[in-house]
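Below is one structure, written out as structure tokens; the observations come after it.
The values are calculated or read from the model by the stated rules, or taken from the named source; none is laboratory data. Bear in mind the structure is a predicted one, so any value in this text is a computation, not a measurement. We place every Cβ from the backbone using ideal geometry, glycine too, and count neighbours over all the protein chains shown.
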Amino acid sequence: MTKLRCAHCGIRFTPAPQVPNQAYCSKPDCQKERRRQWQKSKLQSDPDYRDNQSRAQKAWTDRNPEYWRNHRLNRPDYGNTLPGEQASDAPEPGNQSVARCGGCYESVQRDPALSCSRKRRYSGPTK
Ligand SMILES: [Zn+2]
């Protein structure tokens, strides 16, 4: 079996029969280098591929605008909530745990059926 010399680390290795023109050995570093070289030549020879790559990267950045900011702000005291996670289409807070008093429409933190304390003093029109 002919041995080849790895183009990255220079060791001699036995090429896999199913891989023609194998230039790199199977070490992870050398495979990484192989992919890097492949991508480099691909980028030089294929403008469409280059275009796709930069577009995909930009699309990802557009979809994750908070990523880098969060990455930097990610401190232990920051809590579990990421900023920006709730901003867009979260329901109005008043619909969750805070109810409106049936009498004066003040916010009450309790069961919607209960009225706030003002109800007792204020008994004006309900609607
Ligand atoms: Zn190698």
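Screening CYS30 against (1) more than 10 Å from the ligand (Cβ to nearest atom); (2) outside any loop (DSSP other than H, G, I, E, B); (3) not polar (S, T, N, Q) leaves a single unmet condition, (1).
Residues considered: PRO20, PRO15. Of these, the only one that is modelled with pLDDT of 60 or more, surrounded by 13 or more Cβ atoms within 10 Å (Cβ to Cβ) and part of a loop (DSSP other than H, G, I, E, B) is PRO15.
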